[in-house]
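The next block holds one structure in the form of structure tokens; read it before the comments.
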Amino acid sequence: LDDALKNRRLGRPSDFRWVSRTWSYPVPVWSTRRSPPQLCRAVLESSGLQEALAEAQRNSDRSAKDLDREARAYLSILAHKFKMPVVRIWGFFLSKLFKRLYDQILVETEGAAELRAACQRCPVVLVPNHRSYLDFLIMSFVTFHLDAPLPCAAAGDNLLSLRWVSSTLRHAGGFFIRRKFGDDCVYRALVTEYLHQMLLDGRHPLEVFVEGTRSRTGKSLPPRTGFVQACLELYRSEKVSDILFVPVSISYDRVLEETLYAREMLGLPKPKETIASLLSARKILGDKFGDIRVRFGTPVSARQTLALDGFSVPQMLTLLVKQQQRGMLSTHFPLACLILSVHKGSASVTTLLAQLNWLA
């Protein structure tokens, strides 16, 4: 295991020199090599979106010009605007933050080497488990540390209320999607085509959270099929030879939102994401949250999986979630909570240590 914070603490090199270093990754030979504006143009000109616009026009009294304007507005909200200088600024800020909050960020280097090789062969989709808002930032920090391709991650549009934060996340590779599409065929086609164009570009792995939302209990939530189904449509269209889905296991000793989760499980309403709530989170800077462990699992090939007789998309998602679970660690904090729950909330230190050793 490689500690991503070790050299950051030792200043080898300094945080500024680390984020300023020459960072380049070979572009896959099959990449369409499109800039973010070119990618958006390809989405608007795609046959899938044009068919959806024509269908929407037939089923409503709206003009083609009006629907096209709406699609462009949707895309301006959805699309990322990846800029490497912004990623470097995030890297500097996150290095300072993580050194303060965490003891170690341990990364399994063997899986990371396999990820770098996979990105040269075909489009890659990273599938991390989802326990914290930090998951997206951890993935970007770790891939930057490993000199691996930096991912573009799907995020919920609820973060758009944090204007400055959502803007910087967008320039670091984040793109924002509604949680529910409803019957809006234009928006559904737009998202599908956007995912396809990002996969065809290939310079940034796609990062999706198949659970849809953060798990408040530490248990994996039932996976949702939408993202993976949309990605598999590209493979079925024979525009790519394969798509690799890489399960990623992120284990926290403690999640930053533990107090928030406890309040939600007591029935209190979830607070809205605002700048004020973000600033109030400064209180956590005086606390310690232990270690984070990141493990890249064995890639799951769309070509090999779908070739199996009777293998469905839900089964593929279940396979990915099971691989996430196998790669996660049961850390001392949840084990201690388990022991304390058995002892009705209290136990001596001697008893606690003895039973922790027994469980380990």
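What follows is calculated from the coordinates using simple rules that are stated; it is not laboratory data. Quantities reported herein were computed from a predicted structural model and do not represent experimental measurements. Virtual Cβ from ideal backbone geometry, glycine too; neighbours counted across all protein chains shown.
Okay, here's what the table says:
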| read-out | value |
| --- | --- |
| Distance from segment 2-76 to segment 288-324 (C-alpha centre basis), Å | 24 |
| Local electrostatic count, K288, Cβ distance below 12 Å [Lys/Arg +1, Asp/Glu -1] | -1 |
| Surrounding net charge for L49, when Lys and Arg each add one and Asp and Glu each subtract one, Cβ distance under 11 Å | -3 |
| Residue-averaged [θ]222 nm for the chain, counting only DSSP H segments that reach four residues, each worth -39500 (n - 2.57) | -15500 deg cm²/dmol |
| Additional length obtainable on full extension of the chain from T22 to R326, 0.36 nm per residue less Cα span | 105.9 nm |
| All lysines inside 23 Å of K283 as judged from Cα atoms, apart from same-chain residues fewer than 8 positions distant | K96, K99, K270, K272 |
| Calculated FRET efficiency for the pair F311/W30, C-beta based, R₀ 30 Å, to 0.05 | 0.75 |
| Gain in span if fully extended, E45 to T225, counting 0.36 nm per residue against the direct Cα distance | 62.2 nm |
| Estimated FRET transfer efficiency when R0 is 51 angstrom, pair S14-H343 (beta carbons, to 0.05) | 0.60 |
| Mean separation of Cα contacts under 8 Å (6+ apart) over length of the chain, as relative contact order % | 23 |
| Sum of side-chain charges, R188 neighbourhood, beta-carbon under 15 Å (Lys, Arg +1; Asp, Glu -1) | -4 |
| Base-10 log of normalised Debye intensity for the chain (one unit scatterer per alpha-carbon) at q = 0.13 Å⁻¹ | -1.12 |
